[in-house]
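Here's the structure we're looking at; comments come further down.
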Amino acid sequence: MNALVDLEAEDRESVEAFLLERSEAAFRALYRRHTPRLYQLALRLSGWREEEAREIVQESWVRAVRKLPGFRWESKLSTWLCGIVALRAGEARRSGAPVVPIEAGVEAPAAHEVERSLDLERAIAALPPGYRRILILHDVEGHTHAEIAALLGIGPGTSKSQLFEARRALRQKLGR
């Protein structure tokens, strides 16, 4: 728990230094601390399309920098940044960006657990974008329905129903 408090304090210090002094080192610290998680989220939300995920993260950072002066610290910075990524990923899907399917010929490693994990990732990637976004934010990222509602501008009930439908679709895709 102490490490979490330390990271939040570091985030506050870095944000303040960036906003007050336009410190490149402060921004670099924020970027290095948060980008790996944001990229993983963008990858999952984009259906494992690496180029699209990189673009989502880049555009999300641009938006975050613009909106940072208005950030009120009502949530963790990481939660706020994940929300920006989730919204940007949704915009990318709605803009009609071409959908590149997961390669059907990808060979799974011999290990049974890894194979099952790949099947799960493929099934998640094949979900409709709205279902995938809620499932990832809730089940993978660990956000509550209230947080998801605030991040995406939807009601908690919508988040719950979409999660229910996402899980049902996932079970069907996995044959369970």
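The values are calculated or read from the model by the stated rules, or taken from the named source; none is laboratory data. Being a predicted model, the structure only gives us computed values, none of them experimental. Here Cβ is always computed from backbone atoms with ideal geometry, including for glycine, and neighbour counts include all displayed protein chains.
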Q: Just name the residue that is modelled with the lowest pLDDT out of those in the stretch 122-154 that are surrounded by fewer than 15 Cβ atoms within 10 Å (Cβ to Cβ) and part of a helix (DSSP H, G or I).
A: 140
Q: Please specify each residue of the stretch 65-94 satisfying the condition of being over 14 Å from the mean Cα position of the chain (by Cα) and among the small types (Gly, Ala, Ser).
A: 70, 75
**Q.** Considering residues of the stretch 117-174 that are within 15 Å of the chain's Cα centre (by Cα) and among the acidic types (Asp, Glu) only, the residue farthest from residue 77 (Cα to Cα)
**A.** 121
(Q) Here's a check for you: in the stretch 47-97, which residue that is assigned to a loop (DSSP other than H, G, I, E, B) and surrounded by 12 or more Cβ atoms within 10 Å (Cβ to Cβ) is modelled with the lowest pLDDT? (A) 97
**Q.** Exclusive hit being surrounded by 15 or more Cβ atoms within 10 Å (Cβ to Cβ), part of a helix (DSSP H, G or I) and modelled with pLDDT under 95, set 43, 4
**A.** 43
